[in-house]
Amino acid sequence: KKTKDQLIIDAGQKHFGATVCKSCGMIYTASNPEDEMQHVQHHHRFLEGIKYVGWKKERVVAEFWDGKIVLVLPHDPSFAIKKVEDVQELVDNELGFQQVVPKCPNKIKTFLFISDEKRVVGCLIAEPIKQAFRVLSEPIGPESPSSTECPRAWQCSDVPEPAVCGISRIWVFRLKRRKRIARRLVDTLRNCFMFGCFLSTDEIAFSDPTPDGKLFATKYCNT
Ligand code: ACO
Ligand code: ZN
């Protein structure tokens, strides 16, 4: 095994290494035709889905030096909805989530972070909820599933707590992570979800978080 690893490392820089595409963020092996094909496919779908032209009367709810946040509501023009659907499809593919059917499609609020290169680089989908179950930070009991077997099985409290707003998806384009885009999306959500009030972190809940999502949520809610 050791020699094999060594071989790959030696040849890696030239032909076999993993490449990160600077436009679509996909990590693939350039020497592998199947990988390359998958990349080409993803690349086109990604750039098409993520391109942002903008529309008259778009709802800009926040502006920053490196972009802006646009809010899309269910009764917006069909091209706005189409854009949200394209982005959601990419996100669902990346997360491997099943498409979730919202309980109240009329009440969904989608926030898109648009970079100054006119691309959708972040997306947050929120819906009203009545209660949530707190994720307990430490798994209880020795027989709790190990994180490698079942990374999403966080132990949840069985006591419901009142909540107002559920985040059903939050996603930031791979190459734009750790630039506080997710944080700014959640700040904006708290400000815009209910007219005239700023939601506290207790009033928002992240549904079914991924490991990334959990790290972010823990950090966000403590600060
Ligand atoms: N590991 C450790 N800490 C993290 C991570 C991470 N992967 N991501 C965020 N944080 C913490 C950090 O403390 C960070 O602050 P710092 O960079 O100053 O240290 C703080 O959270 C704020 O992070 P942001 O920069 O605002 O987060 P980002 O824009 O990178 O987006 C997100 C985070 C959305 C989780 C992103 O990593 C992502 O899209 N991941 C893939 C999709 C995903 O898993 N989404 C969550 C699904 S769960 C759900 O949708 C309910
Ligand atoms: Zn690409």
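The values are calculated or read from the model by the stated rules, or taken from the named source; none is laboratory data. On a predicted model such as this, the values are computed, not experimentally measured, just so you know. Cβ: placed from backbone, ideal geometry, glycine included. Neighbour counts: every protein chain shown. Side chains included, ligands, DNA and RNA excluded: accessible areas come from the protein's heavy atoms. Shrake-Rupley method; radii C 1.70, N 1.55, O 1.52, S 1.80 Å.
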- Checking Ala205 against (1) more than 8 Å from ligand 1 (Cβ to nearest atom); (2) small (Gly, Ala, Ser); (3) surrounded by fewer than 20 Cβ atoms within 10 Å (Cβ to Cβ), which single condition isn't satisfied? (3)
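Can you tell me which residues in segment 164-187 are more than 9 Å from ligand 1 (Cβ to nearest atom) and open to solvent by less than 10 Å² (accessible area, probe 1.4 Å)?
The one that is more than 9 Å from ligand 1 (Cβ to nearest atom) and open to solvent by less than 10 Å² (accessible area, probe 1.4 Å): Cys165.
Say we look at segment 22-80 and pick out the residues that are of a type in the set (Phe, Trp, Tyr) and near ligand 2 (Cβ under 10 Å from one of its atoms); which of these is most open to solvent (accessible area, probe 1.4 Å)?
Out of the qualifying residues, it is Tyr28.
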- Message: I'd like the full set of residues that are within 15 Å of Phe206 (Cα to Cα), assigned to a loop (DSSP other than H, G, I, E, B) and either touching a Leu at 6+ places or on another chain (Cβ under 8 Å) or at pLDDT below 70 (or both), limited to segment 109-149.
- Response: Leu136, Ser137
- Residue among Phe111, Phe64 that is touching a residue at least 40 places away in the same chain (Cβ under 8 Å) and more than 14 Å from the chain's Cα centre (by Cα): Phe64
- Item | Qualifying residue in segment 1-19 (condition: at pLDDT 90 or above and exposed (fewer than 11 other Cβ atoms within 10 Å of the Cβ)) | no
- Task: For segment 49-59, indicate whether the set of residues that are within 16 Å of ligand 1 (Cβ to nearest atom) and within 23 Å of Asp92 (Cα to Cα) is non-empty.
- Result: yes
